[in-house]
Amino acid sequence: MDPQLLRSVADRLEAGEDVVVVTVLDRQGSAPATPGQKLIVTSSGHMAGTVGGGQLELEAIGQAKAVLGMVRAPFTWSARLGPDLGMCCGGSAQMLIESFPAVGRAWVVGAGHVAHALAPQLRALSYQVHVTDARTEWVTTERFPGCELADTEADEMPFVPRSRDVCLVMTHDHRLDEMAIAVALPKAFGFVGGVGSRAKAARIKARLELRGLAPDQIGRLVMPIGLDIGARLPAEIAVAIAAQLISLKAAVPAPGRIGALP
């Protein structure tokens, strides 16, 4: 790939945009496309590169837009320039279409044992991980290598989320959990969840109502988080949470899922 196009793809993903890359694989007969040409299309409407121009490129852009943000395997698309596109060239072209959803960020509120076990799994799932906890001695690079760290109070979390971001609350105190969840729910997170029992969830939801949160906001809370696999130890709970995020990210049903996205 052209280094400039490669940088553009990386920059757009880091900025929270979904990207689709269209690559010309082959052509037969008379066609404007040249094997190796690439076109990138992003969710903001930005485009760079080319796959030959004209109606062929417009159709390729349409194919790309149809899969923006989707988690799916690369696939090939074939176009016959005469019958399919109303072009006089008469040849055909085959293109590879690759979808790259934006890099998601995981905000982990609380730096305890579950967070310590969960952070490396989130990083392995390609999340940018942010860990926040007011206890400075708990939020260290030794405990959370490769993560963004902040020693912030639960009600002062610096959330500026995007729709693909998740907020996972697991502090050492129920009151702090409630405060963090109250801050997170009105934000644009794609998922807000908390560690705890169903009884704890009911208490927190009742208190969120007293705080004045709207029913649709409270309804977004997934608590307890994690697939129901009998997890008890911190490492097991971390696996259950990671598995739930995988199932939600792939938009497939998961057995024993706890809670549901709105």
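Contact map, the stretch 190-218: residues that are at positive phi paired with residues that are in a loop (DSSP other than H, G, I, E, B) and of a type outside the set (D, E, K, R), Cβ distance under 8 Å, separation 6+ or inter-chain. Pairs shown: 196/223; 196/224. Pairing residues of the stretch 143-160 that are assigned by TED's automatic domain parsing to the domain that holds residue 175 with residues that are among the hydroxyl-bearing types (Ser, Thr, Tyr) and part of a loop (DSSP other than H, G, I, E, B), at Cβ distances under 9 Å and at least 6 apart in sequence or on separate chains, gives 147/141; 149/140; 149/141; 151/136; 154/171; 158/152. State all residues of the stretch 13-56 that are closer than 30 Å to residue 189 by Cβ, buried (at least 19 other Cβ atoms within 10 Å of the Cβ) and in contact (Cβ under 8 Å) with a residue 40 or more places away in the chain; if no residue qualifies, say none. Of everything in the stretch 13-56, those that are closer than 30 Å to residue 189 by Cβ, buried (at least 19 other Cβ atoms within 10 Å of the Cβ) and in contact (Cβ under 8 Å) with a residue 40 or more places away in the chain turn out to be 17, 18, 19, 20, 21. You will find that of 31, 10, the residue that is at pLDDT below 90 and either in contact with a helix residue (DSSP H, G or I) (Cβ under 9 Å, 6 or more places away or on another chain) or in the same structural domain as residue 189 (by TED's automatic domain parsing) (or both) is 31 and no other. Taken over the stretch 1-41, the criterion of being polar (S, T, N, Q), within 23 Å of residue 94 (Cβ to Cβ) and outside any loop (DSSP other than H, G, I, E, B) is satisfied by 23, 28. Being more than 30 Å from residue 238 (Cα to Cα) and either β-branched (Val, Ile, Thr) or surrounded by 16 or more Cβ atoms within 10 Å (Cβ to Cβ) (or both): is that true of residue 128 here? Criteria not met by residue 128. Of all residues in the stretch 136-156, those satisfying the criterion of being in contact with a strand residue (DSSP E or B) (Cβ under 6 Å, 6 or more places away or on another chain) and not charged (D, E, K, R) are 139, 144, 147, 149, 150, 152.
Only one of the numbered conditions (1) closer than 23 Å to residue 163 by Cα; (2) in a loop (DSSP other than H, G, I, E, B) is not met by residue 241, and that is (2).
Counting only strands (runs of 3 or more DSSP E) wholly contained in the stretch 74-169, the ones carrying 1 or more residues that are among the charged types (D, E, K, R) and over 30 Å from residue 34 (Cα atoms) occupy 105-109, 148-150.
Residue 96 meets the conditions (1) out of contact with any Gly (no Cβ under 9 Å at 6 or more places or on another chain); (2) surrounded by fewer than 18 Cβ atoms within 10 Å (Cβ to Cβ); (3) closer than 30 Å to residue 21 by Cα; (4) not assigned by TED's automatic domain parsing to the domain that holds residue 37 in every case but one. The failed one is (4). The residues in the stretch 198-252 that are more than 25 Å from the chain's Cα centre (by Cα) and under 19 Å from residue 111 (Cα atoms) can be counted, and the count is 2.
Scanning the stretch 5-52 for residues that are among the hydroxyl-bearing types (Ser, Thr, Tyr) and over 28 Å from the mean Cα position of the chain (by Cα) gives 30, 34. In summary, residue 233 fulfils each of the numbered conditions (1) in contact with a helix residue (DSSP H, G or I) (Cβ under 9 Å, 6 or more places away or on another chain); (2) at pLDDT 95 or above; (3) more than 20 Å from residue 117 (Cβ to Cβ) with the single exception of condition (3). With respect to the stated conditions, residue 228 is in the same structural domain as residue 158 (by TED's automatic domain parsing), surrounded by fewer than 19 Cβ atoms within 10 Å (Cβ to Cβ) and in a loop (DSSP other than H, G, I, E, B).
The values are calculated or read from the model by the stated rules, or taken from the named source; none is laboratory data. On a predicted model such as this, the values are computed, not experimentally measured, just so you know. Cβ atoms come from the backbone with ideal geometry, glycine included; neighbour counts cover every protein chain shown.
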